[in-house]
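Below is one structure, written out as structure tokens; comments come after it.
The values are calculated or read from the model by the stated rules, or taken from the named source; none is laboratory data. What you are looking at is a predicted structure, and each value in this text was computed from that prediction instead of being measured. When we count neighbours, we look across all protein chains shown, and the Cβ atoms used for this are built from the backbone with ideal geometry, even at glycine.
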Amino acid sequence: MRADAEKNRSQILSVARDVATEHGADVSMRDIARRAGVGLATLLRHFPTREALFEALLCTNLDALTRRAAELETATSADEALLSWFRELVTFTQGYRGVVAMMAAAHTNPDSALYASCAAVHSAGARLLLRAQGEGTARADMNGDDLFALITALGWAVDQPSFAPRADHLVHLVTGAILTGRPGSEVGKATS
């Protein structure tokens with residue numbers, strides 16, 4: 001890639017990250033181009049769709065969540081690994097309003113630019129869930145699709161200004177429904 005093209009791409013990503021953090025995933029491509037100081041055609045040459053732009057913005061985070069799941073698989077108990085990863089994923093979704101809807105749509109659409117990253121996160125969560133189920137610390141009547149749906153629902157809820165202050169409590173309630181608990185674990189303890 002030419003130096004000026006790489007500079008434009010970096011500028012677009014930097015501005016898009018700031019604008020998306022401030023205004024959410026529904027920000028217009030035209031607004032991102034304007035704020036980045038490039039034409040809409042330049043933005044579309046680098047990122048032909050909103051999903052392609054968000055894939056570039058989010059893939060580092062999604063890849064990190066996938067790696068984190070692999071680390072947790074061997075580093076801690078199964079229920080604590082699932083709880084920790086679940087919290088990290090919800091925290092990530094809070095950083096970009098509206099990204100949960102994009103992830104939910106992309107996870108079953110192989111044509112989506114976000115598909116590979118979302119599928120990897122989905123698979124990582126499913127492995128953590130299976131491990132917890134194998135140890136008897138997670139509900140046996142759910143699968144990776146159910147886990148992803150619960151994360152998506154929770155991500156949507158904490159995306160809403162009226163629920164955002166209760167994010168930690170909502171995470172606790174949802175994970176309490178997933179994990180069967182064990183003595184000394186945080187699951188099952190009352191929170192305020």
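Numbers below:
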quantity	calculated
Hits in the stretch 33-63 (condition: hydroxyl-bearing (Ser, Thr, Tyr) and at pLDDT 90 or above)	Thr42
Test: residue in the stretch 81-88 that is within 17 Å of Leu147 (Cα to Cα), buried (at least 16 other Cβ atoms within 10 Å of the Cβ) and over 17 Å from the mean Cα position of the chain (by Cα)	no
Residue, farthest from the chain's Cα centre (by Cα), within the stretch 19-41, restricted to residues that are more than 18 Å from Met102 (Cβ to Cβ) and among the charged types (D, E, K, R)	Arg34
Selection count, the stretch 42-80, where residues are over 15 Å from the mean Cα position of the chain (by Cα) and touching a residue at least 24 places away in the same chain (Cβ under 8 Å)	15
Residues located in the stretch 117-132, provided they are farther than 28 Å from Ala52 by Cα and either modelled with pLDDT under 90 or basic (Lys, Arg) (or both)	Arg131
Selection within the stretch 107-129 - in a helix (DSSP H, G or I), surrounded by fewer than 22 Cβ atoms within 10 Å (Cβ to Cβ) and touching a residue at least 12 places away in the same chain (Cβ under 8 Å)	Ala119, Ala120, His122, Ser123, Ala126, Arg127
Pair list, Cβ < 7 Å and 6+ apart or interchain, from the stretch 133-144 residues that are on the phi > 0 side of the Ramachandran plot to residues that are assigned to a helix (DSSP H, G or I)	none
Residue in the stretch 100-112 that is modelled with pLDDT of 90 or more and within 20 Å of Leu72 (Cβ to Cβ) present	no
Unique residue being over 17 Å from Gly125 (Cα atoms), in the same structural domain as Leu173 (by TED's automatic domain parsing) and part of a helix (DSSP H, G or I) when the list is Phe92, Phe86, Phe54	Phe54
The one condition in (1) assigned to a helix (DSSP H, G or I); (2) on the phi > 0 side of the Ramachandran plot that Val100 fails to fulfil	(2)
Qualifying residue in the stretch 21-34 (condition: touching a residue at least 24 places away in the same chain (Cβ under 8 Å), in a helix (DSSP H, G or I), crowded, with 20+ Cβ neighbours inside 10 Å and out of contact with any Ser or Thr (no Cβ under 6 Å at 6 or more places or on another chain))	no
Which listed residue, of Thr91, Thr60, Thr137, Thr152, is buried (at least 21 other Cβ atoms within 10 Å of the Cβ) and of a type in the set (S, T, N, Q)	Thr137
